[in-house]
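Enquirer: Handing you this structure, nothing more for now.
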Amino acid sequence: MIDSSPPPSRREILGLGIPAIAGGAAVRIGGSDSHAAEAKLEGGVGASWPVRRRKIERKWLEILGDFPTEIPDLKVEMKEAPWDEEGITRYHVSYQSESDDRVTAWLLVPDAAGGKPTPAIICIHSTTWGSGKDQVIGLSGKRPVDPAPDPQIGVDYGLTHARHGFITLSIDVITDGERIEPKRRVMDTRVFYKKHPEWSVIGKTIWDCSRGVDFLQSLDFVDYDQIGVTGLSLGGHMAIFVAAFEPRISATVANGGVLDMHRHTDAFSRVPKDNNWEPWEEGVDEPTNSAKLEKRFGFKTNSGPFIYLKNFRKYVDDQSLPLPVNIDDLMMLVAPRPMLVISTEQEFYRHKFFEKAPKVLDVYINWQDVDGLPSVLTARKERLGWDDTVAYYDSNHNIGEEKLTRQFGGFGAGDCFSWFSFPGRHGLPGVARRMSFAWFDRWLGRTLY
């Protein structure tokens, strides 16, 4: 849901300083804090929201670390890769993320996209052991040698959303898929932290997806303003971060991602064994194994350590420190752009989602269009179905477009945030996939019927 003014380029965003990267709020806001200069982090909705939003951005950026100050040319490499899926063309894509790093991805283009610009969805994979993007389009399981799982589990959402009619870009997250550096091992993020000691793997994934938006917007068959993001598990968690910090994401579906910044374990901010920050190297270091992971997955992993947020470690070591932000704050940054959160019933319980949901919903319900933030009214009028709405209520209830606009002005963005739970295993079964299709159809404007 982007307002009618042209969105800022990544160069313009960076030129305004690091806080401006986060969600775009500081980019297009008029700059006046006079009405709520001292708004507290935990207060403020409606007209006072922009000030509170900037405070949340800054708190998150202190944990995520600084984004790059250099934006290289994309230098896209794109080659068709034949396969057996009828009605969808597959391309192997790579693009420059940093001057010395490229993102690899599968681009799936339905034949129906040939006639007019089509909405696109960035798909972020779950935790895999070398498969990365391949699992998302149904080519393999968690490892490249593993067969693709039963489609009913739903990990091939890059493929299923393409079958539904969306263009999908399924990327490799750093240290997985084609982005495992030679002689290194899957998910060993120490390679990254040697290069960027004060950044984070989550920040890097946000950046890589932002560059993915740059790439998608360069394609004449992609609808420039209708780009979504989705993912499962690790990918669902990352999708919320991407939506929060990339203003050009128009709609989000987060599937099975962790919805709480747990610190009773060190999952978010591990410290390598013996505090050794030298990456594992084939031929030099012996393979390692986790008995717990071997029992869970059935193979010796020789992986990690995957360190999401290096700067989060102090909150693990000293649990008396109050958390400055949590996932509810992150989800608020997405507002008023549409976001659907999908998880199993048990995951909603375990991640304390229903403690957070009312706080997020409060921002959405009390949304007031403010200069510099996305306009809900504008977005409603630009989506499919607005003309039908106006025609129906005008002819049947004598409610014209002007009155409808006033009514929706008091409606806020309450219908732009929602959630759906399902029983059973961690995944994206058919009932959840259909919710995802419907959400993207509604908010990316692909089809109503």
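The values are calculated or read from the model by the stated rules, or taken from the named source; none is laboratory data. Predicted model, so just to flag it, every value in this text is computed and none were measured. Cβ: placed from backbone, ideal geometry, glycine included. Neighbour counts: every protein chain shown.
Enquirer: For the range 308-336, what are the residues that are in contact (Cβ under 8 Å) with a residue 24 or more places away in the chain and part of a loop (DSSP other than H, G, I, E, B)?
Expert: Within the range 308-336, TYR308, LEU309, GLN319, LEU323, PRO324, VAL325, ASN326, ALA335, PRO336 qualify.
Enquirer: A further question follows. Checking PHE215 against (1) modelled with pLDDT under 95; (2) among the aromatic types (Phe, Trp, Tyr); (3) within 19 Å of TRP106 (Cβ to Cβ), only one condition comes out false. Which one?
Expert: Against the list (1) modelled with pLDDT under 95; (2) among the aromatic types (Phe, Trp, Tyr); (3) within 19 Å of TRP106 (Cβ to Cβ), PHE215 comes up short only on (1).
Matching residues to (1) outside any loop (DSSP other than H, G, I, E, B); (2) over 23 Å from the mean Cα position of the chain (by Cα); (3) farther than 20 Å from GLN217 by Cα; (4) assigned by TED's automatic domain parsing to the domain that holds GLU281:
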| position | (1), (2), (3), (4) |
| --- | --- |
| ILE71 | no, no, no, no |
| SER126 | no, no, yes, yes |
| ASP134 | yes, no, yes, yes |
| ALA148 | no, yes, yes, yes |
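Enquirer: Counting only residues that are among the small types (Gly, Ala, Ser) and within 26 Å of MET238 (Cβ to Cβ), which one in the range 275-331 is surrounded by the most Cβ atoms within 10 Å (Cβ to Cβ)?
Expert: Step one: list which residues in the range 275-331 are among the small types (Gly, Ala, Ser), which gives 283, 290-291, 298, 303-304, 320.
Now restrict to residues that are within 26 Å of MET238 (Cβ to Cβ): 290, 298, 303-304.
Numbers: SER290: 14, GLY298: 9, SER303: 23, GLY304: 20.
Going through the qualifying residues, I end up with SER303.
Enquirer: Now a separate question. Of all residues in the range 155-175, which are closer than 21 Å to THR205 by Cβ and part of a loop (DSSP other than H, G, I, E, B)?
Expert: Answer for the range 155-175, where residues must be closer than 21 Å to THR205 by Cβ and part of a loop (DSSP other than H, G, I, E, B): VAL155, ASP156, PHE166, ASP172, VAL173, ILE174, THR175.
Enquirer: Just to be sure before I move on: is SER48 under 20 Å from THR175 (Cα atoms) and of a type outside the set (D, E, K, R) in the structure I sent?
Expert: no
Enquirer: Here's another thing I want to ask about it. All but one of (1) in the same structural domain as ARG179 (by TED's automatic domain parsing); (2) within 21 Å of ARG211 (Cα to Cα); (3) not hydrophobic (A, V, I, L, M, F, W, C); (4) not in a loop (DSSP other than H, G, I, E, B) hold for GLU57; which doesn't?
Expert: If we test GLU57 against (1) in the same structural domain as ARG179 (by TED's automatic domain parsing); (2) within 21 Å of ARG211 (Cα to Cα); (3) not hydrophobic (A, V, I, L, M, F, W, C); (4) not in a loop (DSSP other than H, G, I, E, B), just (1) comes out false.
Enquirer: Taking the condition of being touching a Leu at 6+ places or on another chain (Cβ under 8 Å) and under 18 Å from LYS273 (Cα atoms), how many residues in the range 304-321 meet it? Can you show your working first?
Expert: Residues of the range 304-321 that are touching a Leu at 6+ places or on another chain (Cβ under 8 Å), as a first pass: 309, 311, 314-315.
From what's left, under 18 Å from LYS273 (Cα atoms): 309, 311, 314.
Count: 3.
Enquirer: Okay, next question. Can you tell me which residue among TYR393, TYR364 is among the hydroxyl-bearing types (Ser, Thr, Tyr), modelled with pLDDT of 95 or more, touching a Lys or Arg at 6+ places or on another chain (Cβ under 9 Å) and surrounded by 14 or more Cβ atoms within 10 Å (Cβ to Cβ)? Can you show your working first?
Expert: Values: TYR364 fails: touching a Lys or Arg at 6+ places or on another chain (Cβ under 9 Å).
One residue alone meets the criteria, TYR393.
Enquirer: Take the conditions in the same structural domain as CYS123 (by TED's automatic domain parsing), assigned to a helix (DSSP H, G or I) and not β-branched (Val, Ile, Thr) and apply them to PHE408. Does it pass? I'd like the intermediate steps shown before the answer.
Expert: Values: in the same structural domain as CYS123 (by TED's automatic domain parsing): no; assigned to a helix (DSSP H, G or I): yes; not β-branched (Val, Ile, Thr): yes.
Against the criterion (in the same structural domain as CYS123 (by TED's automatic domain parsing), assigned to a helix (DSSP H, G or I) and not β-branched (Val, Ile, Thr)), PHE408 does not qualify.
Enquirer: Also, quick follow-up: Filter the range 410-449 for residues that are surrounded by fewer than 15 Cβ atoms within 10 Å (Cβ to Cβ), among the aliphatic types (A, V, I, L, M) and more than 20 Å from GLY385 (Cα to Cα) and give the result.
Expert: Residue satisfying the conditions is VAL431 alone.
Enquirer: Does VAL173 count as under 20 Å from LEU64 (Cα atoms), in the same structural domain as LEU330 (by TED's automatic domain parsing), touching a residue at least 60 places away in the same chain (Cβ under 8 Å) and buried (at least 22 other Cβ atoms within 10 Å of the Cβ)? Step through it out loud before you land on a result.
Expert: Numbers: under 20 Å from LEU64 (Cα atoms): yes; in the same structural domain as LEU330 (by TED's automatic domain parsing): yes; touching a residue at least 60 places away in the same chain (Cβ under 8 Å): yes; buried (at least 22 other Cβ atoms within 10 Å of the Cβ): yes.
For VAL173, the condition - under 20 Å from LEU64 (Cα atoms), in the same structural domain as LEU330 (by TED's automatic domain parsing), touching a residue at least 60 places away in the same chain (Cβ under 8 Å) and buried (at least 22 other Cβ atoms within 10 Å of the Cβ) - is met.
Enquirer: Can you tell me how many residues in the range 57-91 are in contact with a helix residue (DSSP H, G or I) (Cβ under 9 Å, 6 or more places away or on another chain) and either without any contact (Cβ under 8 Å) to a residue 24 or more places away in the chain or of a type in the set (Asp, Glu) (or both)?
Expert: Number satisfying all stated conditions: 7.
Enquirer: While we're looking at this one, here's another question. Kindly evaluate PRO144 against the criterion of being touching a Phe, Trp or Tyr at 6+ places or on another chain (Cβ under 9 Å) and more than 18 Å from TYR91 (Cβ to Cβ).
Expert: Working: touching a Phe, Trp or Tyr at 6+ places or on another chain (Cβ under 9 Å): yes; more than 18 Å from TYR91 (Cβ to Cβ): yes.
In short, yes.
Enquirer: Let me ask another. Residues that are under 30 Å from ALA148 (Cβ atoms), among the hydrophobic types (A, V, I, L, M, F, W, C), in the same structural domain as ARG263 (by TED's automatic domain parsing) and in contact with a Phe, Trp or Tyr (Cβ under 9 Å, 6 or more places away or on another chain): does the range 364-384 have at least one?
Expert: So the first thing to find is which residues in the range 364-384 are under 30 Å from ALA148 (Cβ atoms), and the list is none.
No - not one qualifying residue is present in the range 364-384.
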